[in-house]
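The values are calculated or read from the model by the stated rules, or taken from the named source; none is laboratory data. Just so it is clear, the model here is predicted, and its values are computed rather than measured. For neighbour counting, all protein chains shown are included, and Cβ atoms are generated from backbone atoms with ideal geometry for every residue, glycine included.
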Amino acid sequence: MKKTMILMAAAVALAIAISSSAQDEATSVQAGVYSQEQAERGEQLFSEACRVCHQPEEFANGGYMEGWNGMSLNDLVEFIRSTMPEDNPGRLKRQEYIDIVAFLLKQNGLPTGEKEMVRQELKNIQIEGPYGGSGEQ
Ligand code: HEC
């Protein structure tokens, strides 16, 4: 009987540890989730693949990003990946779409950090303001 109780207590403790570590990973675009170099790569890719139809200004200064508030970066990346470039959706590599989104974050004045964004983390990064100007126009 006593042994069963101890095992049960251990199982509960483990379950709590697992669920709280999953929660700890949740973060926001305000936390410096992409690097400067990644945004620069994204800018280059945007010039090659998107600029024929779009100006980066269309997606800058919060005007576009506000519509995504409360969604995750994964939602934004997958949306762009499945619809753009309009004449050939999904043509780029997944990581290239992620780099382009890093550039879009930069255009919205969101802070850079040490690490690059990678696919596995995108679901845990929430899109939220405030947004600012990029200073790169
Ligand atoms: C062949 C032209 C073309 C190319 C190339 C293209 N787009 Fe688009 N894009 C469009 C059109 C047309 C729309 C819909 C009208 C609009 O919002 O401008 C659109 C809309 C969008 C939207 C807004 C969608 C929404 O409703 O929220 C985003 C974001 C976007 N494009 C990103 C990109 C990115 C990033 C690339 C490069 C990988 C790209 N587009 C390449 C034509 C293009």
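May I ask you to list the residues in the range 45-90 that are under 15 Å from the mean Cα position of the chain (by Cα), surrounded by fewer than 12 Cβ atoms within 10 Å (Cβ to Cβ) and more than 7 Å from the ligand (Cβ to nearest atom)? The answer is Gly70, and nothing else.
A quick yes/no check of all residues on (1) in contact (Cβ under 8 Å) with a residue 40 or more places away in the chain; (2) hydrophobic (A, V, I, L, M, F, W, C); (3) surrounded by fewer than 16 Cβ atoms within 10 Å (Cβ to Cβ); (4) within 11 Å of the ligand (Cβ to nearest atom):
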| residue | (1), (2), (3), (4) |
| --- | --- |
| Leu92 | yes, yes, no, yes |
| Leu104 | yes, yes, no, yes |
| Thr112 | yes, no, no, no |
| Lys115 | yes, no, yes, no |
| Val118 | no, yes, yes, no |
| Leu122 | yes, yes, no, no |
| Glu128 | yes, no, no, no |
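From the list Tyr34, Tyr97, which one is surrounded by 19 or more Cβ atoms within 10 Å (Cβ to Cβ) and assigned to a helix (DSSP H, G or I)? Just one listed residue meets the conditions, Tyr97.
Selection of the range 56-109 for residues being touching a helix residue (DSSP H, G or I) at 6+ places or on another chain (Cβ under 8 Å) and of a type in the set (Gly, Ala, Ser) yields Ala60, Ser72, Gly90, Ala102.
Residues in the range 65-74 that are touching a residue at least 40 places away in the same chain (Cβ under 8 Å) and either out of contact with any strand residue (DSSP E or B) (no Cβ under 6 Å at 6 or more places or on another chain) or of a type in the set (S, T, N, Q) (or both): Met65, Glu66, Trp68, Asn69, Gly70, Met71, Ser72, Asn74.
Inspect all residues belonging to the range 107-114 and state whether any of them is on the phi < 0 side of the Ramachandran plot, at pLDDT 95 or above and in a helix (DSSP H, G or I). Quick ask: steps written out before the conclusion?
So in the range 107-114, the residues on the phi < 0 side of the Ramachandran plot come out as 107-108, 110-114.
Still in the list and also at pLDDT 95 or above: 107-108, 110-114.
In the following step, the residues that additionally are in a helix (DSSP H, G or I) were identified as 107.
Yes, some residue in the range 107-114 is on the phi < 0 side of the Ramachandran plot, at pLDDT 95 or above and in a helix (DSSP H, G or I).
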